[in-house]
Amino acid sequence: MKKRPKIVCRCEGIEEKEVMEWIKRGYRTPEELKRILRIGMGHCQGRTCFSLLVRLISRETKIPPREIKLPKRRSPLKPVPIRILAHFRDEKP
Amino acid sequence: MKSPDVIIIGGGVVGASVGYYLAKEKRKVYILEKEYPTAGSTGKAIGGVRQQFSHNLTIRIMIESVKIFSQLSEELEMDIEWYPGGYLFLAHSEEMKNNYLKAIAIQKSFNLPVSFISPEECQKIVPSLNLENLLGGAFCPTDGHANPFKVTYGYLEGIKREKGKLFSYTEVVKIKKEGRDFSVWTEKGEKFSAPIVINCAGPWAGEVGKLVNLEIPIYPERHEGLVTEEAPSLFDPMIVDYRPDGCYFFQFHSTRHIIGCYTPIPPVLGPDNSSTFQFLTEMPRRMQRLIPKLGEIRILRQWAGSYEMTPDGNPIVSETEIEGFYVVAGMSGHGFMLAPGIGKLFAEMITKGKSSIPLDEFRLNRDFGKKEVMR
Ligand SMILES: Cc1cc2nc3c(=O)[nH]c(=O)nc-3n(C[C@H](O)[C@H](O)[C@H](O)COP(=O)(O)OP(=O)(O)OC[C@H]3O[C@@H](n4cnc5c(N)ncnc54)[C@H](O)[C@@H]3O)c2cc1C
């Protein structure tokens with residue numbers, strides 16, 4: 001049976017193999033790996049994958065997970081339709 | 001001993017590109033970056049690449065850049081997501097239209113396939129475009145977009161293949177010329193030395209200049225951006241609306257996210273890069289006004305970053321009064337698209353003494369009085 005690839009970021013379909021490759025190239029912070037691989041840039045904005053990512057970095061670098069800084073949170077916290085945001089500007093004060 | 005041939009301060013797209021083309025000429029390059037590559041302006045860029053400018057030299061450099069972008073994925077062995085979807089500048093007034101017609105005349109003299117097209121033709125390129133008050137648009141189909149993260153990391157990996165090195169989380173705090181070489185100290189107290197130091201610190205280039213007592217007129221100006229979720233394929237080009245309450249946005253061909261920003265009036269000067277609710281609501285209004293159909297698409301993220309402005313809106317690519325100390329910065333909000341062309345030409349200046357397109361107009365000691373029209 002074929003072994004199924006381990007997925008780190010489900011929204012963007014990023015596999016553990018790719019993440020490990022870039023960690024081995026010397027990019028060892030979640031901020032960098034997010035930008036290179038789009039981890040956590042999809043719909044859920046990193047809710048599940050960042051904790052997995054921290055574990056992988058920790059395993060490879062031996063840095064304890066709690067010392068690994070997570071990427072900056074960006075608003076809005078949940079996806080919001082353009083129509084609704086635009087509406088704030090249509091209403092005259 | 002940490003003594004390469006060249007020390008580059010700044011691991012944004014400009015430092016990465018300059019470093020790559022020098023490394024290809026067998027210079028040993030070290031890049032010192034105070035955070036991580038793309039932590040500065042480069043990570044905030046939306047990724048637009050255009051040749052439609054009104055300034056001759058910028059047009060020539062951008063033609064060179066587009067040539068590079070179109071084969072860069074192969075060269076760097078990394079998909080940089082280049083896609084020539086074009087740029088469409090919308091004209092909503094006679095004045096705007098005339099500005100574009102004048103610029104087109106200049107652009108055509110460089111054989112760019114630009115033309116002014118009717119509102120109906122605009123709508124063919126951008127289905128469901130709102131035609132209200134639209135007089136037409138300036139369109140160049142060979143402009144496009146690429147992924148700034150991929151380009152930067154691709155160049156950096158290329159530098160490493162040529163035996164160069166990247167030092168992340170390494171801030172330069174002191175520079176001193178000692179004999180022929182510069183000594184460069186980091187905040188961790190490490191010392192590097194090299195005969196050539198290049199200031200590629202983007203919006204911080206002025207501060208890095210102060211380390212050698214050079215006045216470099218580059219100032220940060222806040223620009224905000226946002227990105228939507230993945231959407232169905234809607235349109236190919238960057239859409240530019242230069243009205244005072246206009247905006248620019250495009251859809252990434254690779255991931256189908258729509259990404260965009262606007263230039264606030266008056267400009268927001270200073271290094272503060274906080275995101276605002278004003279932008280998060282105003283940008284969607286402007287986008288929806290141009291393409292009402294966008295209403296149901298959801299915004300995923302907003303951010304803010306710096307344009308690195310010079311007084312005339314053109315880059316500084318220059319030697320300085322200190323022999324061996326160079327400045328390649330101040331791209332004035334166009335640094336992603338300029339980086340390949342400028343990096344390559346600057347490397348020619350250093351290694352051959354002269355670049356195939358002369359960059360004298362971008363020297364540090366110029367008259368900063370004239371301005372780019374298609375800012
Ligand atoms: C919202 C927004 C949208 C944009 N869209 C586009 C676009 O579509 N197309 C385009 O071409 N351009 C765009 N730009 C402009 C573009 O981002 C910049 O022109 C470009 O990134 C500049 O690159 P750089 O390498 O010069 O600067 P940066 O990317 O800022 O790199 C400079 C680096 O120097 C480092 N540094 C600073 N001081 C020190 C020190 N003392 N020691 C060590 N390192 C130091 C910083 O950490 C930083 O990483 C946009 C900008 C913004 C803000």
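Test B:L300 against the stated conditions and say whether it is in contact with a strand residue (DSSP E or B) (Cβ under 6 Å, 6 or more places away or on another chain) and in contact (Cβ under 8 Å) with a residue 12 or more places away in the chain. Yes; evaluated as a whole, the condition is true for this residue.
Filtered by the rule that a residue be away from the ligand (no atom under 11 Å from the Cβ) and either closer than 13 Å to B:F167 by Cα or among the hydroxyl-bearing types (S, T, Y) (or both), the stretch B:16-33 gives B:Y20, B:Y21, B:V29, B:Y30. For the stretch B:102-220, the helices (runs of 4 or more DSSP H) that sit wholly inside it and include 1 or more residues that are more than 14 Å from chain A (Cβ to nearest Cβ) are B:119-125, B:205-210. Based on what the data block shows, is B:Y36 closer than 22 Å to B:G158 by Cβ and either within 10 Å of the ligand (Cβ to nearest atom) or not aromatic (F, W, Y) (or both)? Judged against the criteria, B:Y36 is a match.
Return yes or no: is B:G324 crowded, with 16+ Cβ neighbours inside 10 Å and within 12 Å of the ligand (Cβ to nearest atom)? No: the conditions fail for B:G324.
For first residues located in the stretch B:165-184 and within 9 Å of the ligand (Cβ to nearest atom), partners that are outside any strand (DSSP E or B) and lie 6+ apart or on another chain with Cβ distances below 6 Å form the pairs B:E171/B:K34; B:E171/B:E187; B:V173/B:E187.
Annotation note: Cβ proximity below 9 Å between a residue of the stretch B:224-252 that is away from every other protein chain (no Cβ under 14 Å) and a residue that is away from the ligand (no atom under 11 Å from the Cβ) and polar (S, T, N, Q) (sequence gap 6+ or interchain) occurs for B:S233/B:Q251; B:F235/B:S128; B:F235/B:Q251; B:D236/B:Q251; B:V240/B:Q52; B:Y242/B:N99; B:R243/B:S93.
Take the conditions (1) in contact with a Pro (Cβ under 8 Å, 6 or more places away or on another chain); (2) within 30 Å of A:R38 (Cα to Cα); B:F192 misses just one of them, which is (2). Looking across the stretch A:7-36, the residues that are among the charged types (D, E, K, R) and over 17 Å from B:P148 (Cα atoms) come down to A:R10, A:E12, A:E15, A:E16, A:K17, A:E18, A:E21, A:K24, A:R25, A:R28. With respect to B:T276, is the statement that it is touching a Lys or Arg at 6+ places or on another chain (Cβ under 6 Å), at pLDDT 95 or above and within 14 Å of another protein chain (Cβ to nearest Cβ) true? In short, no.
The helices (runs of 4 or more DSSP H) found wholly in the stretch A:1-76 and carrying at least 1 residues that are at the interface with chain B (Cβ under 9 Å from one of its Cβ atoms) and under 13 Å from the mean Cα position of the chain (by Cα) occupy A:30-37.
The values are calculated or read from the model by the stated rules, or taken from the named source; none is laboratory data. Owing to the predicted nature of the structure, the values given are computational and were not obtained by experimental measurement. Every residue, glycine among them, receives a Cβ derived from its backbone with ideal geometry; neighbour counts consider all protein chains shown.
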